[in-house]
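Right, one structure below, let's go through it.
Derivation of every value follows stated rules applied to the coordinates shown; laboratory data play no part. Since the model is a prediction, treat every value here as computed from it, not as a measurement. Note that we place each Cβ from the backbone using ideal geometry, even for glycine, and neighbour counts take in every protein chain shown.
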Amino acid sequence: MTEGDKFRLKQQGLEFIDITEHPNLGQLNAQRASRFVSPEPRLSAQSSGAVNALLAGEITTDHMRTDIVKLSSFWTRSYRSNWGLLSSNWVFDHVSSILAAKPSDKTKVSVTKFPHKFVQNSVILRLEAADDTTPEAEKEVVIVGAHQDSLNYKLPFFRAPGSDDDGSGTVTVFQILRSLVEQEFVPPHGVAIEFQWYAAEEGGLLGSQDVAAAYEAAGVNVKGMLQMDMTAFVKDDTTPVIAFFQDEVDKNLTTFATKLVDAYVPLPWNMTTCGPTCGSDHMAWTRAGYPAIIATEAKFEGTFCRTLVTDDG
């Protein structure tokens, strides 16, 4: 399948997963299925105390507004363009600066550029307790992600600020990281928190598939993945909501997320859908056999869907 084919699909309002590079994604984890079954959701008193302590800190949209202005200032964040490379470099530098603003000897952190066959990199930040001696093979990994790229569906190298899709999700993940750093959060032993900003979602989930495939091959124990895609837009004269997709997601993890909204967020939630093959980078993790969910800004029925494509079409 050519890039021209992809743009023609985009112009027709069709979304897709390009599985050309990873036709067997999930086959290894299918043999480890019992390891990646999500548990029944529950909220513990200890966890509630930790969340309330985080929420007690100063949480504003000021940083998010500044970040979205900068992110949308790139002419495009297309994964095949030099602008896309520059924007991914900025994401890397920005998350590094968030960490540098309040260093801690209680946590071990790393920020890496995950390379692909195209010029734009995905960016992965890992946070864990500095004194955690849990063997890597036994460590549980929790991922919060968003896609950093943007695309002009009509003219691929023309202006594509991508403020909502998915600049909004990108800066939401920035803010989650910033809040944890400011409150000196330390993950419990045996758990690593990762923040991932994916390249080339608009090209058919190319970046997230590369990352998920690498984690599957390495046997990484991903306990859950939350994708933030389009989290800012509120239609005039409507009530803001937090929407969760109900297709291509882990049901237990989604239920747990709705309980978190009920417990901590002064907004309603709803379930949304646009068919069994629609969504975002969470689908790469679902295909890899890991529990994954997506939070978004509103109901999406009828707005877009994804179809699987290969070199054969």
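Kindly provide the pair-distance distribution of the stretch 3-309 built from C-alpha pairs, with 20 Å bins from 0 and whole-percent values in order of increasing distance.
34, 62, 5
Charges at C-beta only: +1 for Lys and Arg, -1 for Asp and Glu. How large is the resulting dipole of the stretch 114-179 about its Cα centre, in Debye rounded to 20? Let's see the in-between values first.
On the way: 6 positive and 10 negative charges, 107 e Å.
Taking the Cα centre of the stretch 114-179 as origin, the dipole is about 520 debye.
Between I98, S179, G190, whose Cα lies farthest towards the positive end of the dipole of the chain when Lys and Arg beta carbons carry +1 and Asp and Glu beta carbons carry -1, centred on the Cα centre?
Going by the charge dipole, the pick is I98.
Calculate the dipole size of the stretch 1-134 relative to its Cα centre from +1 charges on Lys and Arg beta carbons and -1 charges on Asp and Glu beta carbons; express the result in debye to the nearest 20. Could the numbers behind the result be given before it?
On the way: 16 positive and 14 negative charges, 52 e Å.
That gives a dipole near 240 debye.
Quick check: net charge around P156, other residues with Cβ under 10 Å of its Cβ, Lys/Arg +1 and Asp/Glu -1?
Once positives and negatives cancel, what remains is +2.
Given A213, S88, A129, which one lies farthest toward the positive end of the charge dipole of the chain, if we put +1 on the Cβ of every Lys and Arg and -1 on the Cβ of every Asp and Glu?
Ranked along the dipole, the leading option is S88.
Which of L85, L14, L43 ends up with the largest GNM mean-square fluctuation for the chain, with Cα atoms connected below 10 Å?
In the Gaussian network model the winner is L43.
Suppose every Lys and Arg Cβ carries +1 and every Asp and Glu Cβ carries -1, with no other charges. What dipole size does the chain come out with about its Cα centre, to the nearest 20 debye?
Working: 27 positive and 40 negative charges, 35 e Å.
I would put it at about 160 debye.
Where a Cα-Cα gap under 28 Å defines reach, which lysines qualify for K259, not counting those fewer than 8 residues away within the same chain?
K139, K223, K235, K251, K299
What does the charge add up to near N252, with Lys and Arg as +1, Asp and Glu as -1, over the other residues with Cβ less than 14 Å from its Cβ?
On the way: positive: R42, K223, K251, K259; negative: E40, D250.
Here the charged neighbours net out to +2.
Between A263, A212, A192, find the one with the highest GNM mean-square fluctuation for the chain; connect C-alpha pairs within less than 10 Å.
Result: A263 has the largest fluctuation of those listed.
May I ask for the net charge around T172, where only other residues with Cβ less than 13 Å from the Cβ of T172 are counted and Lys, Arg are +1 while Asp, Glu are -1?
Values: positive: R65, R178; negative: D67, D164, D165, D166, D229, E297.
So the surrounding residues net to -4.
Would you please state which residues of the stretch 177-220 a label at M1 would reach in this model, taking the label point 7 Å out along Cα→Cβ and a backbone N cut-off of under 16 Å?
In the stretch 177-220, the label zone of M1 (backbone N under 16 Å from the point 7 Å along Cα→Cβ) covers 200-210.
So how much slack lies between R8 and V261, counting 0.36 nm per residue of separation and subtracting their Cα-Cα distance, in nm?
On the way: separation 253, 0.36 × 253 = 91.08 nm, distance 3.84 nm.
Extending this stretch completely gives an extra 87.2 nm.
Along the positive direction of the dipole of the chain (beta-carbon charges: Lys, Arg +1; Asp, Glu -1; about the Cα centre), which of G204, G289, Q31 reaches farthest?
Farthest towards the positive pole: G204.
For the stretch 122-155, run through the trypsin sites (Lys or Arg not before Pro) and keep only the ones in DSSP coil with at most 10 other Cβ atoms within 10 Å of their Cβ. Intermediate results must be reported in sequence, preceding the final value.
Working: sites: R126, K139, K154; in loops: K139, K154.
The qualifying sites are K154.
Return the distance in nm (one decimal) between the two label points of a simple spin-label model at K102 and E182, each offset 7 Å from Cα along Cα→Cβ.
Output for this residue pair reads 0.7 nm.
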